[in-house]
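Handing you this structure, nothing more for now.
Where a number appears in this text, it was derived from the coordinates with a stated rule and is not lab data. From a predicted model like this one, the values you see are computed outputs, not experimental measurements. Every residue, glycine as well, gets a Cβ built from its backbone with ideal geometry; the counts of neighbours run over all protein chains shown.
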Amino acid sequence: MIEKLLTIENIDVYFVIGIILFFSLLESISGFLKNSKRAKGDWIQEIMSFVVLGNLIKPIIVFVIFITGTHLIPQYNNSLESYPFIALFAFYILTDDFLQYWYHRTAHETPFLWKLHRPHHQAEEMGYFVSYRNALLYYLLMPNIWWVAIILFLGGAKAVALGLILKQFIIIGSHSRLKWDKPFYSNATLLPIIKVLERIIVTPAFHHSHHGTSQLDSASDPNGNFGNMFSIWDQIFRTATFQNRYPKEYGLQQKTNDPWTASYFYPFVKSPDPKSDWSIAYEKLNTSTKDSISVSLTKGKNYLWCSCGRSNNQPFCDGSHHGTKFKPVKFSGKRTGEIKLCNCKKTKKSPFCDDTHLNL
Ligand code: FES
C-alpha cells in the first residue's frame, strides 16, 4: 500500500509542502507569527533558502551524480530496485541520518563550516522555517544530499520519498514553536511514551535545547544534541542531553548586525559588522594569558568558564568557542568572594587555577 503510494510522481514534494502548511497554520492559529521577532531579512533568507534548496541545489546534485554515474558505473543504475523495500529504506535512512549527524557536529566544531551553519543559530526564536535557515554553501556541501542522489541513481526512489516525508515531519516538528511533546512531559500516563520516543527520534525538547543560547540555562545545550531525525547518534557518541523543559532564550550569545545577504551568501558576501564572524575584519584572537584571573563570585550562582582561550570576557565564556571543539565549563560559586580562575587554559582542575601556568 505505502509502496504503491510512493510511486505517485512528486508525492514527497506534496507531503513536504503539506507538512510546512500544517505547521504554519498551527503556528499562526496559536498566535506565534503575530508575536514573531523575525525581521523582513529573516523571512527573505528562510524562504529563499527553502526554494533554492528544492529547486536548484538538489536538482544540480542529482544531475551531477547521474551524469557521473552513467559514465563511470552505468551497470549499477537501478541495481537496488530488486532489494526488499524495507531493507533498502532502513539502509538509506540510517546512513543519511548518520552522515547528517556528523556533518552538523563538524559544522559546530570547524571554523569555516560554522560560518555556513551560523545563520541557523542566529535565529532568536524557533519556528518551522528555521529548519531551512543555513548558508547556500552549507547545503551544497551537505553529504546526505549527495547520498540521496546516489540512492536515486541506484534505484531507491521510493525509499528516498518515504525518508524525505518522515524526516521533514520530524525536523520541522522539532524546530516548530508548537512543542508537540510538551503535554507528554506534564502527564504521568504519557510520560513513559515520550521517554521512549525521545530515545529514538529528535523531539522539540531535545532540539530546542540545541538552539538555547547558553548552558547557564540548564534547559540549553548548544554544544550537544546534534541529531536531525534520530537521537541515537547523540547517545552513541555521547553528545545527548534529554530535557523535559525548553530554553528561556534562543540564538547566539554574541549579537551582531548582519544583512541577510552576508548570512546566506557567505563567503561571497561579507558583513559590515566587524564583530561578526562574516566580516572581513573578524579574527578570533587568543585572549588566554600566562597567569590566573581573580574574580568576584557569588555563592550558588552559576558561571561558564572559557576553556577555548578566545573569549573577550575572560575568564568567562562569551560564545567565541563556536567553530571549535571546545566547550565552556559550567560551575557554581562555592562561596562569595574573590577566587582565582585559570586563564592559561592548561589547568587540570578547571575552572580553578592549579598553578600550571608557573611551568609554562
Ligand atoms: S568563549 Fe566559550 S569556551 Fe571560550
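Compute the acute angle (0 to 90°) between the alpha-carbon long axis of helix 157-175 and the principal axis of greatest extent of the alpha-carbon atoms of the chain; round to the nearest 10°.
Between helix and principal axis, roughly 30 degrees.
In the neighborhood of Ser49, defined by Cβ-to-Cβ distances under 11 Å, what is the net charge if each Lys or Arg adds +1 and each Asp or Glu adds -1? Present the calculation step by step, with values, prior to reporting the outcome.
Values: positive: Arg133; negative: Asp42, Glu46.
That sum, taken over residues with Cβ under 11 Å, equals -1.
Points 7 angstrom from Cα along the Cβ direction at Asn286 and Glu81: gap in nanometres?
5.9 nm
Separate question: Take peptides 38-45, 213-220 and line them up by average Cβ neighbours within 10 Å, highest first, as a rough protection proxy. Each step should come with its number before you reach the end.
Values: 38-45: 15.4, 213-220: 18.8.
So the peptides 38-45, 213-220, ranked by packing, come out 213-220, 38-45.
Taking R0 as 56 Å, what FRET efficiency do you get between Arg38 and Thr336 from their Cβ-Cβ distance, rounded to the nearest 0.05? Spell out each step's value before the answer.
Working: r = 41 Å, r/R0 = 0.73.
Computed FRET efficiency for Arg38 and Thr336: 0.85.
Cα axis of helix 58-72 to longest principal axis of the chain: angle in degrees, 0 to 90, nearest 10?
70 degrees
Cβ under 10 Å from Phe206's Cβ, Phe206 left aside: what net charge do those residues give with Lys, Arg +1 and Asp, Glu -1?
Numbers: positive: Arg199; negative: Asp181, Glu198, Asp221, Asp234.
My count for the surroundings of Phe206 gives -3.
Shifting gears a bit: Around Asp318, what is the net charge, scoring Lys/Arg as +1 and Asp/Glu as -1 over all other residues with Cβ under 12 Å from its Cβ?
Details: positive: Lys255, Lys275, Lys284, Arg310; negative: none.
After counting each charged neighbour, the total is +4.
Output the 0 to 90 degree angle, nearest 10, between the alpha-carbon long axis of helix 143-153 and the longest principal axis computed from the alpha carbons of the chain.
So the inclination is approximately 10 degrees.
Using a 10 Å cut-off around each Cβ, can you sort Glu9, Glu81, Glu125 from fewest to most neighbouring Cβ atoms? Intermediate results must be reported in sequence, preceding the final value.
Details: Glu9 7, Glu81 13, Glu125 16.
Result, fewest neighbours first: Glu9, Glu81, Glu125.
Normalized C-alpha radius of gyration of the chain, against 2.2 N^0.38 Å? It would help to have the intermediate numbers written out before the result.
Numbers: Rg = 22.5 Å, N = 360, 2.2 N^0.38 = 20.6 Å.
Against the compact-globule rule of thumb, the ratio is 1.09.
How would you rank 297-303, 92-98, highest first, on the average number of other Cβ atoms within 10 Å across their residues?
Working: 297-303: 13.4, 92-98: 19.7.
Those peptides, ordered most packed to least, come out 92-98, 297-303.
Less than 19 Å apart at the alpha-carbon level, and either on another chain or at least 8 residues along: which aspartates and glutamates does that give for Lys348?
Hits, sequence-local ones excluded: Asp291.
Can you pull the percent of Cα pairs in region 1-116 with separation above 26 Å?
Working: 2931 of 6670 pairs.
Value for region 1-116 (Cα pairs over 26 Å): 44 percent.
A further question follows. If you average 1/r across every pair of different Cα atoms in region 159-258 and take the reciprocal, what Kirkwood value do you get, in Å?
About 14.1 Å, per the Kirkwood formula over Cα pairs.
Using alpha carbons only, how many angstrom separate the centre of region 5-69 from the centre of region 255-272?
After rounding, the separation between the Cα centres reads 22 Å.
Nearest 500 deg cm²/dmol is fine: what mean residue ellipticity at 222 nm does the chain get from its DSSP H runs of n ≥ 4 alone, each adding -39,500 (n - 2.57), divided by its residue count?
Numbers: 14 runs with 153 residues, N = 360.
The helix contribution divided over the chain gives -13000 deg cm²/dmol.
From a point 7 Å beyond the Cα of Lys299 in the direction of its Cβ, which residues of region 315-347 have a backbone N at a distance under 13 Å?
333-338
Output the peptides 222-229, 46-53 sorted from most to least packed, where packing is the average of other Cβ atoms within 10 Å over each peptide's residues. Write out the running numbers ahead of the final one.
Working: 222-229: 23.4, 46-53: 16.9.
Sorting 222-229, 46-53 by mean packing, highest first, produces 222-229, 46-53.
With only alpha-carbon atoms counted, please give the Rg and Dmax of region 147-192, in Å.
Here Rg and the maximum Cα pair distance are 16.1, 47 Å.
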